[in-house]
Every structure is written in structure tokens, then in C-alpha cells.
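Structure, as C-alpha cells:
The values are calculated or read from the model by the stated rules, or taken from the named source; none is laboratory data. Only a predicted model underlies this, so the values are computations on that prediction, with no experimental measurement involved. Reconstructed Cβ throughout: ideal geometry from the backbone, glycine too, with neighbour counts over all protein chains shown. Note: areas computed on protein heavy atoms with side chains; ligands, DNA, RNA excluded. Shrake-Rupley method; radii C 1.70, N 1.55, O 1.52, S 1.80 Å.
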Amino acid sequence: MQAMELSLILPVRNIEEEIVGILHFVQKQVGKLDFELIVVDMGSTDRTVLQAVRQMKNTGLHGYVIQSGSSTAAAALNTGIQKADGKYISFVFARRLYENFIPSFLETAKRTKADFVFGCASREEARVAERHALSSAILHRGGHQYLKSWISNGAAIDISAILIRRAFLTEHQVEFEEACRYGYSEEFIARCLLLSDAAVQAPVVLSRNESCELKRGKQKPAGTDIFQRVEAVLRIADAVKASCVEDADLLRLVERVRVPQVVMNAVDVLLREGNDAHSVRGCLQAFGYSHLLTVDRKMDSKLRRSILLWRFSPGLYHPK
């Protein structure tokens, strides 16, 4: 039997009041496409699973609900990938809902034979992507070039608006780091870009539908778990060394730009959560991250100033 075109993976936990609206939003986005929806429940203690099953049955949504126990979002996404049957995979997150991109991404993937498709943050980006689509040489450039642009321009690719060829993930054994609460999506996307010979930016300007998104209060404090983001980027650096050994510029961008950016972001998070500068500096020392805060002349001036202020006058440093 021929595999369906698309698998959508939606991780959920305790959203019984919102799940019906989110499933309705998903159904509206895919229209008449040949797809399946895989809802992966992460240990809900309310009626999320029951509501999801009822809504899918009542509306004829093809797919199923999986209970994966109390797990991380990364583990839930891996479970969804393992169960997926579609030729392509995309992820849905209740807190970040993008509209009107899935059919265009799917058309782009089939037309270009792409492994990995992502969109644009602005009309100017979309115009550039449209021009690139006219050149097969540019169109099929390696994903590491996009990773360089991502780090250089500070415009991350959102895990909530990508499309991936499922066989590509299987062939390269790409999966999410299940233990991570933080950094898992950046690492996953970076690995996809590093391994893909056909990453394509679709000329689609991404637009969020905030009215349909899950609205919740503050999550529990990140604490030192925020350093998982640092470990994720360090693993990205190792992956660059393994797969792009000749690309010294990319390695410099990861090690000398992205790594210190993420360390300083962790510092900001811990300070905003009420930890004092002395305690945060102690954490950096204990985790062995202090030596990662080095500066050079090629570094962005704002990042360089932040690092120097934090290193030499932490009492005057204010989180961004």
C-alpha cells in the first residue's frame, strides 16, 4: 500500500479545554491533503486524551492518539516519528501555531525533492527564496549554508514550521535528544541541515495564528536545566567537526558565536529567575562553561560587550 503524503505530530499535555480548537485548526490547515495526525500525550492528568479521541472520531480526522507517559516533548516527538507513516513529517505545537504553510511546503518538497523545507520571516526573504528557486545549483545547496546564515543573522528556524522527508530521518538516524527540556529543537534542526544535501527555503512568509494558540501562564523555572541548551550547541559543534571538517567558517560561527550566545542566554534566564550574580557565576564554574565566554574581534559588538561586562563587572550586568 502506498504511504500517505504527510504525518503531523502534535505533543500535548493537560489541554482538555483547548484540544478541540487546536485539532480544528490543524484540520483547516491541511484541507484535503492525504495526511495523518499523531497526537502524543505526555502524561495528561485531565481529559485531554478523551477529548482528542472524540474530536478525531467526530470530524473524521485520520490518525490516532498515543499515550507516552510523563515524558519530555523531545521524547514525545521521537515517539511520533517512529509511528509516522507519511512520506513527509511536520510538527504542531499548541503554543506556536502557523497557518497556511503546509500545502506550500509540501508542494515545494515534491517539486524540488527536498529533504528539509522551511519558510521565510519576511517578504524580502521570500523574494530571495523565489529567486533561488530559479537556479537548481542554489536551490540544492547544502543545509550547512543555511545553518551559517541562521547563526550569522540570528534568525532561527522554528521547529513549528518545517517539513522533513521521513526517509531522510531514518537513513541518517536523526532524532531528538530525549532528556532535554531545552535546546532539543535547535540541535535537531542543525543536524538536519548538516546532513541534508537538499535543504530548501520555500518562498512562504510565515504567519502565526495567535488567537488559536494555547495561552498559559509562566512555566516552572528553568533552573540549571537551561544549561541543556549549552550542551546541545556543543554537540552541534561536534557534528560540524564530523560532517563539515573543511568548513572552518561554520565551525568558528558555532564555537565562537553560537556557544557564547547560548551561555549568556542561560545567564540571563537564571538572573531573571532571581538568582544572584555570584550564584550564577558559581554555576558556570561548576558546569565548566566559564571558559566558553571568550571574545574576538570578529564577534558581534553587542555580544562582546555583554560577555566582557559579565566577566569583569557582574554586579553591573543586567539580563537582556
Assess whether L193 counts as being among the hydrophobic types (A, V, I, L, M, F, W, C), within 15 Å of the chain's Cα centre (by Cα) and under 21 Å from D249 (Cα atoms). yes
Residues within the range 23-36 that are exposed (fewer than 15 other Cβ atoms within 10 Å of the Cβ) and in a strand (DSSP E or B), tallied: 0
Report, ordered by the first and then the second residue, all pairs with beta carbons closer than 8 Å, sequence separation of six or more or different chains, a first member in the range 107-125 that is small (G, A, S), and a second member that is open to solvent by 60 Å² or more (accessible area, probe 1.4 Å) and at pLDDT below 95. none
Cβ-Cβ distance below 9 Å, separation of 6 or more or different chains: which pairs start in the range 279-298 with a residue that is in contact (Cβ under 8 Å) with a residue 12 or more places away in the chain and end on one that is not in a helix (DSSP H, G or I)? C283/N275; C283/Y289; L284/L293
I'd like the residue in the range 182-234 that is surrounded by 16 or more Cβ atoms within 10 Å (Cβ to Cβ) and among the basic types (K, R) and, out of all such residues, is nearest to A161 (Cα to Cα). R191
Considering only residues that are part of a helix (DSSP H, G or I) and among the hydroxyl-bearing types (S, T, Y), look in the range 258-316 and name the one that is farthest from A156 (Cα to Cα). S279
Restricting the search to the range 42-62, which residues are closer than 16 Å to G86 by Cα and surrounded by fewer than 17 Cβ atoms within 10 Å (Cβ to Cβ)? H62
If we keep just the residues of the range 6-17 that are out of contact with any strand residue (DSSP E or B) (no Cβ under 6 Å at 6 or more places or on another chain) and touching a residue at least 24 places away in the same chain (Cβ under 8 Å), which is least open to solvent (accessible area, probe 1.4 Å)? I15
If we keep just the residues of the range 303-320 that are farther than 11 Å from L293 by Cβ and open to solvent by less than 60 Å² (accessible area, probe 1.4 Å), which is nearest to the chain's Cα centre (by Cα)? P319
Got a sec? Which of V20, V39, V65 is closer than 27 Å to E177 by Cβ, surrounded by fewer than 21 Cβ atoms within 10 Å (Cβ to Cβ), at pLDDT 95 or above and touching a helix residue (DSSP H, G or I) at 6+ places or on another chain (Cβ under 7 Å)? V65
Unmet criterion (only one of (1) over 23 Å from A286 (Cβ atoms); (2) of a type in the set (A, V, I, L, M); (3) at pLDDT 95 or above; (4) in contact with a Phe, Trp or Tyr (Cβ under 7 Å, 6 or more places away or on another chain)) for I189: (4)
Does the range 40-62 include one or more residues that are among the acidic types (D, E), more than 19 Å from A199 (Cα to Cα) and either without any contact (Cβ under 8 Å) to a residue 60 or more places away in the chain or in contact with a strand residue (DSSP E or B) (Cβ under 7 Å, 6 or more places away or on another chain) (or both)? yes
